[in-house]
Amino acid sequence: MGELSVKHLLGIKYLHEKDIQLIFETADHFKEVINRSIKKVPSLRDITIANIFFENSTRTKLSFELAEKRLSADVLNFSAAQSSLKKGETLIDTVNNILSMKVDMVVMRHPNPGAGIFLSKHVSAVIINAGDGAHEHPTQALLDSYSIREKLGDVSGKNVVIVGDILHSRVALSNIFALKLQGANVKVCGPKTLIPKHIESLGVKVETNLEKALQWCDVANMLRVQNERMDISYFPTTREYTQQYGVNRGILDKLDKEIVIMHPGPINRGVEITSDVADSDQSIILNQVENGVAIRMAVIYLLASKIK
Ligand code: CP
């Protein structure tokens, strides 16, 4: 088996296409393992991993924890809300205290962009970015591409549109990097106020008309509007946003083909996606969640193999 070109997983930006293929091939193996009656392998019995989450999470946190346990690693869970950070302890002091308990790897979610990069320069452990503000969410993009590959056979040459709040989305940026590396054609679609200026420099096209975007694509990745990252209004009302950028059965039935619907979660049903679409056969939303465990097992396994 090959090895990754990186010591940490800080963002898709730092990966090569061959890293992604290696992660997918390794995930294929782990996906087969977790569908056996005995779902655990002893691969990481001598590795200790701390999951430190400074922001809320359901899917990512549970998925990393399950991936670590399936690999037989020892797992520490740290939640900022119940920690001594509340008493003024810095991020580096907090992490160094955790590392002094002989922790090999840190999986971190943080509201500040670049938090994982900063940490990787100050501590000796392997760092996995589980989402840093509006910057990157690399394992989400990996499981998204893996799910497209599983559904359509390949990512290369596929037309993928990412719809919604691109401006505040770490999922969008990591997906753009991952999809472009694999040779997909990428468009972003949403209100102009929620599309970053100069996004075309990343090799993507902008489409503000949802119907045209859906007619063009093979896959639509629907994003949530991240109200928690907004200090001003970016569109008049949620109702108007939904009328222009929400996907529903009616708009899909008007297309002359069946497209694949994705969503990283959490879903706001009735805002960016209706229930009859989210729960339909066109949707691979729960496949994405299932694939998250195999992808995270692959990432952890490959990075752990580089620990001296
Ligand atoms: N997709 C995702 O990151 O979900 P969580 O915030 O629940 O982890």
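The values are calculated or read from the model by the stated rules, or taken from the named source; none is laboratory data. None of the values given here were measured: they were computed from a predicted structure. Here Cβ is always computed from backbone atoms with ideal geometry, including for glycine, and neighbour counts include all displayed protein chains. With ligands, DNA and RNA removed, areas are computed over all heavy atoms of the protein, side chains included. Shrake-Rupley method; radii C 1.70, N 1.55, O 1.52, S 1.80 Å.
Is it the case, given these coordinates, that Leu152 is touching a Pro at 6+ places or on another chain (Cβ under 6 Å), away from the ligand (no atom under 16 Å from the Cβ) and touching a residue at least 12 places away in the same chain (Cβ under 8 Å)? Taking the combined requirement at face value, the residue does not satisfy it. Residues that are in contact (Cβ under 8 Å) with a residue 12 or more places away in the chain and of a type in the set (Ser, Thr, Tyr) within the stretch 24-44 comprise Thr26, Ser43, listed in sequence order. Evaluating Lys31 against the criteria (1) within 16 Å of the ligand (Cβ to nearest atom); (2) open to solvent by 10 Å² or more (accessible area, probe 1.4 Å); (3) closer than 20 Å to Leu142 by Cα leaves one unmet condition, (1).
Looking at the stretch 199-207, is at least one residue among the hydroxyl-bearing types (Ser, Thr, Tyr) and surrounded by fewer than 18 Cβ atoms within 10 Å (Cβ to Cβ)? Yes, the stretch 199-207 contains at least one residue that is among the hydroxyl-bearing types (Ser, Thr, Tyr) and surrounded by fewer than 18 Cβ atoms within 10 Å (Cβ to Cβ).
In a helix (DSSP H, G or I), at pLDDT 95 or above and within 16 Å of the ligand (Cβ to nearest atom): does that describe Leu173? Taking the combined requirement at face value, the residue satisfies it. Listed by first and then second residue, the pairs with beta-carbon distance under 9 Å, at least 6 apart or on different chains, first residue in the stretch 57-68 and at negative phi, second near the ligand (Cβ under 6 Å from one of its atoms) and open to solvent by 50 Å² or more (accessible area, probe 1.4 Å), are Thr58/Pro266; Arg59/Pro266. The residues of the stretch 244-279 that are free of Cβ contacts under 8 Å to residues at least 24 places away in the same chain, small (Gly, Ala, Ser) and either open to solvent by less than 10 Å² (accessible area, probe 1.4 Å) or within 28 Å of Gly131 (Cβ to Cβ) (or both), listed by number, are Ser275, Ala278. Would you confirm, using the coordinates I've provided, whether Ala80 is away from the ligand (no atom under 14 Å from the Cβ) and open to solvent by less than 40 Å² (accessible area, probe 1.4 Å)? The answer is yes for Ala80. Among residues of the stretch 43-77 being within 15 Å of the ligand (Cβ to nearest atom) and open to solvent by 70 Å² or more (accessible area, probe 1.4 Å), the one that is nearest to Asp132 (Cα to Cα) is Asn56.
Matching residues to (1) out of contact with any Leu (no Cβ under 8 Å at 6 or more places or on another chain); (2) over 15 Å from Arg70 (Cα atoms):
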site	(1), (2)
Leu10	yes, yes
Leu22	no, yes
Thr26	no, no
Phe30	yes, no
Val33	yes, no
Lys39	yes, no
Pro42	yes, no
Arg45	yes, no
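Summed over the stretch 106-127, residues that are more than 13 Å from the ligand (Cβ to nearest atom) and outside any helix (DSSP H, G or I) total 11.
Across the stretch 262-280, the number of residues qualifying as within 15 Å of the ligand (Cβ to nearest atom) and not charged (D, E, K, R) comes to 9.
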